[in-house]
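Right, one structure below, let's go through it.
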Amino acid sequence: MADIVALGTVALDTIKTPFGQVRNVLGGSASYFSVAASMFARVGLVSVVGKDFPVEHRSFLGGRNINLRCLDVVDDKTFRWEGYYEYDMNEAHTVKTELNAVEKFSPKLADEHRKTKYLFLGNVDPVLQQKVLEQVEAPELVVLDTMNYWIENRNKELLKVIKKVNVLLLNEWEARELFSTPNLIKAAGKALAAGPEFVIIKKGEHGSLLFTESAHFSAPGYPLENLVDPTGAGDSFAGGFLGWIAKTRDVSEPNMRKAIIYGSAIASLNAEGFGLNILRSIDMKHVEQRLKEFREIVKF
Ligand code: AMP
């Protein structure tokens, strides 16, 4: 049985940054999440691809402790995203989003996935997030991620599913947009009032903030000199975060702080190469080394 069930996109991405360009590489919220989380726990991936999805991508995911029983293959094209970054790499500019197979996707969980304790509702249409949430019998921790596309196109549906999750992940400009305030502390307060017990606001290279009703934690950003491609930073952060929680089976607030640092360590490593190139080649030794460096940064 999978420890974590992860819903999201499995995509073919075309990415341009000031340091180069790649075309039709493996990407998508579920891919980045699952590859990162699989360093800690077994993941059941829930998504859809078309018949054009390369067999080597499927073999790569399958070889990483990732259960692909709920990766549907349909007679359509795979989801495609094209984007670019300028020198401020905190902001992705979307050139094109082709939903393709995702447009008619109706996720149906395998029996073994319905019993999962840890659920990741990754960046897809909130209507699909709701559909998956309904199928899980008794989740202990549900983490939801989203993006401006859904905040703008499915606002009501998004707020409805946010109400039912335990952890909400947003980056800073998504938090401002969703809760209509420029102030992140106010946005976090409104987010907590909307349902989740934990709200994490990611600030790209400047770290992330955790808010609960009674606590506030500020995680530093890793001083990355070799930033090549930030695509997947949010999803690999989520994978390291929930991966650590599933491995330790501890959903307490102090353990969540540690999980945030694991997420930050993996996201910063991921950004040192294009697409999933770095996550393909690192192991836990690299992650633990980066964790040590994070400890040094906050010691005073
Ligand atoms: P992030 O972790 O936020 O950098 O997510 C990057 C991934 O999100 C890329 O690999 C894209 O394929 C995927 N993506 C882009 N737009 C969307 C969308 N509207 N819905 C779901 N996934 C998306």
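Quick note: the coordinates plus some simple rules give every number you see, no bench work behind them. Note that this is a predicted model, so its numbers are computed, not measured. Positions of Cβ are generated from backbone atoms using ideal geometry, with glycine treated the same way; all protein chains shown enter the neighbour counts.
Considering S268, S281, the condition of being surrounded by 14 or more Cβ atoms within 10 Å (Cβ to Cβ) and farther than 19 Å from L119 by Cα is satisfied by S268 alone. Of all residues assigned to the range 32-45, at least one qualifies as being touching a Phe, Trp or Tyr at 6+ places or on another chain (Cβ under 8 Å), aromatic (F, W, Y), within 26 Å of L269 (Cα to Cα) and touching a residue at least 24 places away in the same chain (Cβ under 8 Å).
If only residues of the range 97-141 that are aliphatic (A, V, I, L, M) and over 16 Å from N166 (Cα atoms) are counted, the one that is farthest from the ligand (Cβ to nearest atom) is A110.
Of the residues K186, K163, K247, which single one is more than 14 Å from the ligand (Cβ to nearest atom) and free of Cβ contacts under 8 Å to residues at least 12 places away in the same chain? Working first, answer last.
Working: K163 fails: free of Cβ contacts under 8 Å to residues at least 12 places away in the same chain; K247 fails: free of Cβ contacts under 8 Å to residues at least 12 places away in the same chain.
When all the criteria are applied, what remains is K186.
Would you call W150 within 16 Å of the ligand (Cβ to nearest atom), among the hydrophobic types (A, V, I, L, M, F, W, C) and touching a Pro at 6+ places or on another chain (Cβ under 8 Å)? First the steps, then the outcome.
On the way: within 16 Å of the ligand (Cβ to nearest atom): yes; among the hydrophobic types (A, V, I, L, M, F, W, C): yes; touching a Pro at 6+ places or on another chain (Cβ under 8 Å): yes.
So W150 passes the test.
The strands (runs of 3 or more DSSP E) found wholly in the range 43-151 and carrying at least 1 residues that are out of contact with any Gly (no Cβ under 6 Å at 6 or more places or on another chain) and over 27 Å from E177 (Cβ atoms) occupy 43-50, 71-74, 118-121.
Going through the range 210-244 one residue at a time, which ones are part of a helix (DSSP H, G or I) and free of Cβ contacts under 8 Å to residues at least 40 places away in the same chain?
Kept after step one, since they are part of a helix (DSSP H, G or I), are these residues of the range 210-244: 233-244.
A233, the sole residue that qualifies.
When you check T9 against the structure, is it farther than 27 Å from V161 by Cα, of a type in the set (S, T, N, Q) and in contact (Cβ under 8 Å) with a residue 60 or more places away in the chain, yes or no? In short, no. Out of all the residues in the range 245-300, which are in contact with a helix residue (DSSP H, G or I) (Cβ under 7 Å, 6 or more places away or on another chain), charged (D, E, K, R) and assigned to a loop (DSSP other than H, G, I, E, B)? Matches in the range 245-300: E272 only.
Once the range 202-233 is narrowed to residues that are within 15 Å of the ligand (Cβ to nearest atom) and closer than 21 Å to P254 by Cα, the residue that is nearest to the chain's Cα centre (by Cα) is K202. Return yes or no: is V136 of a type outside the set (D, E), in contact (Cβ under 8 Å) with a residue 24 or more places away in the chain, in contact with a Ser or Thr (Cβ under 7 Å, 6 or more places away or on another chain) and crowded, with 21+ Cβ neighbours inside 10 Å? No. Within the range 178-208, track down each residue that is surrounded by fewer than 17 Cβ atoms within 10 Å (Cβ to Cβ) and either of a type outside the set (G, A, S) or part of a strand (DSSP E or B) (or both). T181, P182, N183, I185, K186, K190, L192, E197, E205, H206 - these are the residues of the range 178-208 that are surrounded by fewer than 17 Cβ atoms within 10 Å (Cβ to Cβ) and either of a type outside the set (G, A, S) or part of a strand (DSSP E or B) (or both).
Please enumerate the residues belonging to the range 10-24 that are of a type in the set (K, R) and either surrounded by fewer than 17 Cβ atoms within 10 Å (Cβ to Cβ) or within 12 Å of the ligand (Cβ to nearest atom) (or both). Lay out the reasoning, then the answer.
First, pick out the residues of the range 10-24 that are of a type in the set (K, R): 16, 23.
Across the range 10-24, the qualifying residue is only R23.
Looking across the range 40-60, the residues that are surrounded by fewer than 23 Cβ atoms within 10 Å (Cβ to Cβ) and of a type outside the set (D, E, K, R) come down to A41, G50, F53, P54, V55, H57, S59, F60.
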